[in-house]
1. Taking a spot 7 Å from the Cα of Thr52 along the direction of its beta carbon, which residues of region 58-73 have an amide N less than 15 Å from it?
2. Rounded to the nearest Å, what's the spacing between the alpha carbon centres of region 10-46 and region 198-224? Just the number, please.
3. Taking region 175-211, which GluC sites (Glu not before Pro) meet the DSSP loop condition and have no more than 14 other C-beta atoms within 10 Å?
4. Between Leu154 and Lys39, what length in nm is gained on full extension when 0.36 nm per residue of separation is reduced by their alpha carbon distance?
5. Residue separation times 0.36 nm, minus the C-alpha to C-alpha distance between Ala185 and Thr30: what's the value?
6. Is it possible to state the helix-based mean residue ellipticity at 222 nm for the chain, with each DSSP H run of 4+ residues giving -39500 (n - 2.57), the sum divided by total residues, to the nearest 500 deg cm²/dmol? What is it?
7. Angle check, please: helix 113-136 long axis (alpha carbons) against the longest principal axis of the chain (alpha carbons), in degrees 0 to 90, nearest 10.
8. In this model, which of Lys210/Lys231; Lys39/Lys68; Lys157/Lys177; Lys157/Lys242; Lys91/Lys133 are farther than 24 Å apart at the alpha-carbon?
Amino acid sequence: MYDNLFYPLKHTYDLGQLPSKLIFYPESITNPWLIAAVKDLQEYLQIQKEWTHNFGFNTTIDSPVSGKMFGVLLVETVNNSIGYLSAFSGKLAGTNHHSRFVPPVFDTLSGVTFVNTGMQLITSMGSEIDSLKLINAQKNSEEIEFLRAERRHLSIKLQNEIFDRYIFINHSGKEKKLQAIFQEAGYKNPPSGAGECTAPKLLQYAFLNKMKPLAMAEFWWGMSPKSETWKHREFYPTCKEKCELILEFMLGQ
């Protein structure tokens, strides 16, 4: 095993079917090497007991149903081993780290002081606003509006500081901050959740560990009570809103 997040395939296939360059959905899901990697990860999701997340299959779990996007990246290591990396979008079972999956580009749950302090201040302001409303919303209207404006300012400042910690690397080893990627494309700020999808996580880990990306696929696992778009086990393309510009940098010159 190359490292504890690289998983070699249980069976090998025709080497001639290995992609010469990185392929994505829909081309990737016809590749036998990648499909074998997807099946391996899905078997793990069905039997694992390391963590509990309510995908909607178990009615005894007392938490909101929340399906999740998973990603698989077929890679070749520096010693020519073929295997795969896997990732999940956002958080899984309330955390960013699990033994089978690559880490986030930046971990907002890692106890970073500025994140914790900022979130505590925002929460405290919200509680103070609620208290003023209960006492006398009309009489305290000016103070409430002042606190709302301060909370909004603090929230924007904190979000920008968080975005500033997302630093991506491309295949050539060049680094660029998330803010710069979007601002150079004409956006004021990145969308919320940018950098938390599976594709950037997978490529970041592959490039940092000198692995060659060969094929990628993302599939939905679980139920989705809020949208009919996401179907269990179905494949989907990488999202344009959050990922397209990041991937253009990571895969560009």
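The numbers here are math on the coordinates, done by the rules we state, and not lab data. Note that the structure is a prediction, hence the values are computed from the model and not measured. Cβ coordinates were reconstructed from backbone atoms using ideal geometry, including for glycine residues, and neighbour counts include every protein chain displayed.
1. 58-66
2. Taking the Cα centre of region 198-224 as reference, the centre of region 10-46 is 12 Å away.
3. Values: sites: Glu175, Glu184, Glu196; in loops: Glu184, Glu196.
Taking region 175-211 and a limit of 14 other Cβ atoms within 10 Å, the loop GluC sites (Glu not before Pro) found are Glu184.
4. Values: separation 115, 0.36 × 115 = 41.40 nm, distance 4.44 nm.
The Leu154-Lys39 span can extend by a further 37.0 nm.
5. 52.5 nm
6. Working: 6 runs with 93 residues, N = 253.
It comes out at -12000 deg cm²/dmol, rounded to the nearest 500.
7. 40
8. Working: Lys210/Lys231 34 Å; Lys39/Lys68 16 Å; Lys157/Lys177 16 Å; Lys157/Lys242 20 Å; Lys91/Lys133 33 Å.
Distance filter (> 24 Å) returns Lys210/Lys231; Lys91/Lys133.
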